[in-house]
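The block underneath contains the structure these notes are about, expressed in structure tokens.
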Amino acid sequence: MCWPYIGWLLAFVVAPMILILLYAFTKQGNSVLMLNFTLENFAKFFSDSIFPAVLWRSLKIAFMTTVVCLLLGYPAAYFIAKMDEKKQAFFILLITLPMWINMLIRTYAWKGILSFTDMSSQIKVMIGMVYNFLPFMILQIHASLSKLDKNLIVAANDLGANNVQTFLRVVLPLSIPGIISGITLVFLPAVSSFFIPKLLGGGEYVLIGNLIENYFISVGDWNYGSAISLIMAMVIIISMYFTKKADKKVGGEE
């Protein structure tokens, strides 16, 4: 019964990745029977100071977006988790309701709203990213907080801990898995986003996703675009490794 799924993965995941690998390590103008392998595409990326700067800008905006989402999302998730189940369901519905609308349409709406302001392109892009990715942070943290055993809080209070001590020593440590999951779900799409900076940045705030799109669609240099995609994939894999390692460490301590 699993063969259709395997066929789907081979056709739409494995095959495109193989093509990207071939394009990244070959030159333009290859024939079907002969491939000219090269590392020039990767050398081009690191030899020009502009491209690493774009990568660093993408990592910086993704990090800032993640921090803002965490600062806004944790109090919201904590506030919702303290309600009764019916109210929790209602507020979770309010948070997920905008996600029923296509992200592109929501970003276009923010483009119209922010067009009347004099904000910088970076701030506009950050607002768009925080708005689109904040629900992922709230839902993950809420999932951890809602599973928290209330008896632990009662026990902490009985042992003389005040509200701040109970939060710092009981609630916060037990919600770290949700925090890590939220960071993963916000940082990874933020670092590779291309249409949010394209629409809200007005072409003035270029990130690595815009660079990849430009070389694939506008320039037509699929080889170099594939090389940038592989570099971006390695950055994402490394980020996932560290978040997974942190998650395992927290799980082991618990």
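Listing for the model above:
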read-out	value
Matching option when the condition is farther than 19 Å from F42 by Cα and of a type in the set (A, V, I, L, M, F, W, C), among V219, V164, V235	V164
Leading residue by the ranking (farthest from I123 (Cα to Cα)) among those in region 30-87 that are of a type in the set (V, I, T) and more than 24 Å from the chain's Cα centre (by Cα)	V32
Counted residues, region 80-90 - those being part of a helix (DSSP H, G or I) and free of Cβ contacts under 8 Å to residues at least 12 places away in the same chain	5
Matching residues in region 147-168 - criterion: being under 16 Å from Y74 (Cα atoms) and exposed (fewer than 13 other Cβ atoms within 10 Å of the Cβ)	K147, V164, L168
Whichever residue in region 105-126 is in contact (Cβ under 8 Å) with a residue 40 or more places away in the chain and either among the β-branched types (V, I, T) or within 22 Å of F167 (Cβ to Cβ) (or both) and, among such residues, is surrounded by the most Cβ atoms within 10 Å (Cβ to Cβ)	V125
Search result, residues across region 105-146 that are more than 22 Å from T184 (Cα to Cα), assigned to a helix (DSSP H, G or I) and small (G, A, S)	A109, G112, S121
Close pairs from region 189-209: first surrounded by fewer than 24 Cβ atoms within 10 Å (Cβ to Cβ), partner not in a helix (DSSP H, G or I), Cβ under 6 Å, at least 6 apart	G209/S193; G209/F194
Filter result (surrounded by fewer than 13 Cβ atoms within 10 Å (Cβ to Cβ) and assigned to a helix (DSSP H, G or I)) within region 91-104	L93, L94, T96, L97, W100, L104
Close pairs (9 angstrom Cβ cut-off, 6 or more residues apart or separate chains): on the phi > 0 side of the Ramachandran plot in region 169-187, at pLDDT 90 or above and part of a helix (DSSP H, G or I) anywhere	none
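The values are calculated or read from the model by the stated rules, or taken from the named source; none is laboratory data. From a predicted model like this one, the values you see are computed outputs, not experimental measurements. FYI the Cβ positions are ideal-geometry reconstructions off the backbone, even for glycines, and counts take in every protein chain you see.
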